[in-house]
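Trainee: Supplied in structure tokens, the structure appears directly below.
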Amino acid sequence: MVEKVLKSFGVKYLQVLDENSKPDARLMPKLSPKQLVELYSTMVLCRRFDEKALILQRQGRLGTYASFLGQEAAQIGTAYALAREDWTFPTYRDSALLIAHSMPMVSLLQYFGGDERGSIPPKGVNNFPISIPVGTQGLHAVGAAMAATIQGKKFATVACLGDGASSEGDMNEAFNFAGVFKAPVIFLCQNNQYAISVPVKQQTAAETIAQKAIAFGFEGVRVDGNDVLAVYSAASAALKKARSGGGPTLIECFTYRISNHTTSDDASRYRPDSEVKEWQKKDPVIRLRKFLVAKKLWNDKKEAQLLAGVDKQVSDAVTKYESIPAPQVEDVFKYTYSEMPQSLKEQLDDYRRLMEGK
Amino acid sequence: MVTMNLVQAVNSGLKCAMADDKRVVVLGEDVGADGGVFRASDGLLRQFGKGRVMDTPLAESGIVGVSIGMAVAGLRPVPEIQFSGFLSMAFAQLVNHAARIRMRSRGAFTCPLVIRTPYGGGIRALEHHSESMEAVFSHVPGIKVVIPSSPYDAKGLLMSAIKDDNPVVFMEPSRLYRAVKEDVPENSYTVPIGKAKVVKEGSAVTVISWGSMLQQAKLALSHTDVDCELIDLRTLKPLDTDTIIVSVKKTGRCVIVQEAPRTGGFASEIIAVINDKALLSLKAPVSRVAGFDTGFPLYKLEDHYLPSIERIVAAIEATVNY
Ligand SMILES: Cc1ncc(C[n+]2csc(CCOP(=O)(O)OP(=O)(O)O)c2C)c(N)n1
């Protein structure tokens with residue numbers, strides 16, 4: 001009889017800027033002052049976009065919208081590490097990641113404004129349409145990453161998921177495929193501690209999401225999801241590994257969803273206000289700003305200039321969104337198949353006749 | 001009697017069923033503390049406790065799969081799938097297991113579970129929140145498919161479904177959740193599964209619908225002088241063919257209104273039944289008003305997709321003037 005420990009494991013945690021914005025010099029990613037400012041500016045832009053989207057929704061100018069308030073560091077830190085040709089597979093929560101990966105704000109408004117054309121990325125930008133079915137697009141990210149390997153291409157892919165999504169069967173199949181095929185993919189898990197009303201403690205008996213990767217045979221790390229420098233570091237390392245054939249990484253960004261789940265939700269039904277207040281103190285945007293100010297890279301004047309600039313960008317996007325002509329019902333018919341089948345042609349003709357007869 | 005909307009009636013049905021029968025448990029995403037995203041399970045956790053009202057991990061196949069296990073082991077689970085668009089995530093469990101266990105064990109194991117799920121469009125929802133897949137589920141042998149269109153029926157049919165010894169997919173039209181109100185008994189009662197309802201008698205044409213489109217058909221009736229007979233199917237499987245055939249034999253004409261895509265929709269099945277049993281009574285071809293054979297579009301185009309009053313009226317008038 002033999003009894004011995006075959007495997008034991010630990011989970012790495014990464015934080016570069018602590019909650020008071022004090023950096024750990026040994027862990028600082030190599031970013032120039034200009035890049036640090038750029039990173040910050042993107043975070044501010046995205047935050048103002050998010051605030052505006054919530055206002056538009058309340059005014060009936062936008063449909064159901066999922067705010068990413070509090071999760072800017074996780075999304076933008078990751079996007080900032082990506083190369084332009086890398087693919088993203090986002091959820092409804094990832095507007096900041098998309099904006100930071102070359103998606104025009106007007107497209108996001110269009111999408112949440114009930115128009116599929118908002119899913120069309122600019123040429124050369126590989127953002128897959130937002131996935132509403134939770135946890136399903138991880139497999140697509142893995143498949144796309146496998147396609148990169150098979151075709152000898154250099155791009156990597158990012159699969160976005162929440163803590164809730166980590167429970168879906170599809171997501172676990174994605175982890176497994178990624179491990180087996182050493183796919184150049186990163187799983188960006190934003191553990192914002194809630195799946196609508198369900199707290200992460202009821203979502204999984206595992207203490208971290210990161211450790212799930214270990215069971216599938218690849219690396220998982222937890223990072224302070226409100227520290228954009230930690231997220232950027234982890235994502236850069238994971239992408240470098242992916243591109244050099246080292247396979248997948250799961251990055252769990254431990255963070256918090258400050259807003260309601262979506263504009264249809266009322267979070268006060270299931271979580272205390274005091275908890276939200278605690279997390280507001282860890283605001284990722286303020287965390288980076290304090291660091292920049294301490295490094296003399298930032299001041300009130302620059303802040304005012306930045307705000308004026310981003311607010312103009314956001315309001316220009318809103319103006320553009322609202323001036324786009326409504327989508328045409330013909331499109332829905334036209335794009336269902338590569339060629340419109342006879343039955344669809346008949347349905348469209350019937351419908352047109354009825355509309356014209358009105 | 002209390003005035004209730006459809007979602008309150010569902011809530012009342014769940015409460016009565018749980019109070020009447022200890023085997024009834026409720027599980028799903030956000031059904032506990034939140035009371036369900038539409039509030040269908042509001043107050044259940046407080047009244048019946050964690051042992052019988054379970055917030056589950058986010059995994060539809062898991063929810064339906066464990067419900068099957070619970071059902072074969074003696075409980076009466078009532079899982080909620082938050083939107084029917086996500087019931088497809090549990091399709092394998094439903095079709096390969098829930099539907100077949102009675103037959104493959106010759107009755108040694110049975111699966112009395114009720115999957116409640118909101119369905120249908122018209123609520124300006126996000127993608128995948130507006131589908132009508134009733135024909136898909138009706139195609140699967142071993143499953144019953146029930147779709148109420150009014151608060152009274154919703155509670156009574158739900159209570160019947162929970163007492164039923166077969167797996168039931170119980171589809172709740174989300175756009176009607178708060179749209180119609182009527183008097184509903186606070187106590188337990190049942191409305192039989194497998195019985196359609198003649199909502200309005202008429203002589204010129206039989207109009208058949210169910211769920212979300214029933215109310216739309218009803219509205220359409222007030223926009224035409226044609227004397228229509230309106231039938232609410234209430235159960236798609238098993239189908240009440242008698243009520244359909246008696247009516248069609250009387251009127252000789254029929255229009256079917258479904259929200260789902262046209263091809264292979266449930267209307268096609270009804271037409272086949274009429275063909276089998278009342279062909280020679282027909283004075284005009286049976287007409288279908290349906291969604292298009294396309295994906296359900298995002299909300300800026302959903303009013304085009306959803307069968308409109310104009311489309312229904314046009315079909316009724318074309319059928320009578322044939
Ligand atoms: C397959 C599927 N099931 C259920 C839903 C409904 N739903 C939308 S978001 C959500 C919670 C998701 O939580 P999480 O993955 O943690 O991401 P978060 O929303 O917190 O960003 C649920 C249950 C869905 N969209 N897709």
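Coordinate-derived values only; no laboratory data. Computed from a predicted structure; not experimentally measured. With ideal geometry, Cβ positions are generated from the backbone for all residues, glycine too; neighbour counts draw on all protein chains shown.
Trainee: Quick one: plug the Kirkwood hydrodynamic radius of the stretch B:2-184 (C-alpha pairs) into Stokes-Einstein at 25 °C, 0.890 mPa s, and report D in µm²/s.
Mentor: Using the Kirkwood radius from Cα pairs, D works out to 153 µm²/s.
Trainee: Kirkwood Rh, Cα Rg: Rg to Rh for the stretch B:87-244?
Mentor: A ratio of 0.99.
Trainee: With the Cα gyration tensor of the stretch A:88-214 in hand, convert its eigenvalues to equivalent ellipsoid semi-axes via √(5λ) and list them largest first in whole Å.
Mentor: Taking √(5λ) for each Cα gyration eigenvalue gives 24, 21, 10 Å.
Trainee: What shape does the stretch A:112-173 have by the C-alpha gyration tensor, where a ≥ b ≥ c are the square roots of the eigenvalues, rounded means a/c under 1.5, and otherwise prolate means a/b greater than b/c and oblate the rest?
Mentor: Here the stretch A:112-173 falls in the oblate category.
Trainee: Among rounded, prolate and oblate, which fits chain A when a ≥ b ≥ c are the square roots of the eigenvalues of its C-alpha gyration tensor, a/c under 1.5 means rounded, and a/b larger than b/c means prolate?
Mentor: oblate
Trainee: Let me ask another. What is the helix-to-structure angle for B:266-278, meaning the angle in degrees between its Cα long axis and the longest Cα principal axis of chain B, kept from 0 to 90 and rounded to the nearest 10?
Mentor: Here the helix axis deviates by roughly 60 degrees.
Trainee: Give me the Kirkwood hydrodynamic radius of the stretch B:197-320 in Å, from all C-alpha pairs, to one decimal place?
Mentor: One decimal place: 14.3 Å for the Kirkwood radius.
Trainee: Now a separate question. Taking every pair of alpha-carbon atoms in the stretch B:230-302, give the share separated by more than 15 Å as a whole percent.
Mentor: 56
Trainee: What translational diffusion coefficient, in µm²/s and rounded to a whole number, does the Stokes-Einstein relation yield for the protein assembly as shown at 10 °C and a viscosity of 1.306 mPa s, taking the hydrodynamic radius as the Kirkwood radius over Cα pairs?
Mentor: The diffusion coefficient I find is 59 µm²/s.
Trainee: Counting other C-beta atoms within 10 Å, and keeping those with at most 15, which DSSP coil trypsin sites (Lys or Arg not before Pro) do you find in the stretch B:79-156?
Mentor: Here the trypsin sites (Lys or Arg not before Pro) that fit, given the DSSP loop and packing criteria, are B:R106.
Trainee: Also, quick follow-up: Could you pull out the pairs from A:K345/B:K250; B:K50/B:K163; A:K22/A:K201; A:K22/A:K153; B:K144/B:K218 whose alpha carbons sit more than 28 Å apart here?
Mentor: A:K345/B:K250; A:K22/A:K201; A:K22/A:K153
Trainee: By the gyration tensor of its Cα atoms, with a ≥ b ≥ c the square roots of the eigenvalues, what is the shape of the stretch A:152-306: rounded for a/c under 1.5, prolate for a/b over b/c, or oblate?
Mentor: Here the stretch A:152-306 falls in the oblate category.
Trainee: Continuing with the same structure: Based on the Cβ-Cβ distance from B:S105 to A:S338, what FRET efficiency comes out when R0 is 41 Å, to the nearest 0.05?
Mentor: 0.35
Trainee: Going 7 Å from the Cα of A:R243 along its beta-carbon direction, which residues of the stretch A:184-209 have the amide nitrogen within less than 17 Å of the resulting point?
Mentor: Output list for this probe position: A:184-187.
Trainee: Hey, another quick one. Could you tell me which chymotrypsin sites (Phe, Trp or Tyr not before Pro) in the stretch B:113-164 are loop residues by DSSP with no more than 16 other beta carbons within 10 angstrom of their beta carbon?
Mentor: none
Trainee: Here's something else I'd like to know. Could you name the lysines whose alpha carbon sits less than 27 Å from that of A:K312, not counting residues in the same chain fewer than 8 places away?
Mentor: Straight-distance partners of A:K312: A:K34, A:K52, A:K123, A:K290, A:K296, A:K301, A:K302, A:K320, B:K300.
Trainee: Post the alpha-carbon centroid distance, the stretch B:236-296 to the stretch B:146-178, in whole angstrom.
Mentor: Answer, in whole Å: 22.
Trainee: Taking only Cα atoms, what is the 0 to 90° angle, nearest 10, from helix B:151-163's long axis to the longest principal axis of chain B?
Mentor: 50
Trainee: May I pose another question? Once both labels are modelled 7 Å past Cα along the beta-carbon direction, what's the B:N275-B:T3 spacing in nm?
Mentor: The modelled label-to-label distance comes out at 4.7 nm.
Trainee: Defining a contact as two alpha carbons under 8 Å apart and six or more residues distant in sequence, what relative contact order in percent does chain B show?
Mentor: 17
Trainee: Under 10 Å, Cα contacts only: if you run a Gaussian network model on chain B, which one of B:E182, B:E172, B:E229 comes out with the highest mean-square fluctuation?
Mentor: B:E182
Trainee: Now a separate question. Working out 0.36 nm times the residue gap between A:M1 and A:E275, then minus their Cα-Cα distance, what length gain in nm do you get to one decimal?
Mentor: 93.6 nm
Trainee: Going through the stretch A:186-259, which GluC sites (Glu not before Pro) have at most 15 other Cβ atoms within 10 Å and a DSSP loop state?
Mentor: The qualifying sites are A:E207.
Trainee: I've got another one for you. Where both partners of a DSSP beta bridge lie in the protein assembly as shown, what percent of those bridges are antiparallel, to the nearest 5?
Mentor: 20
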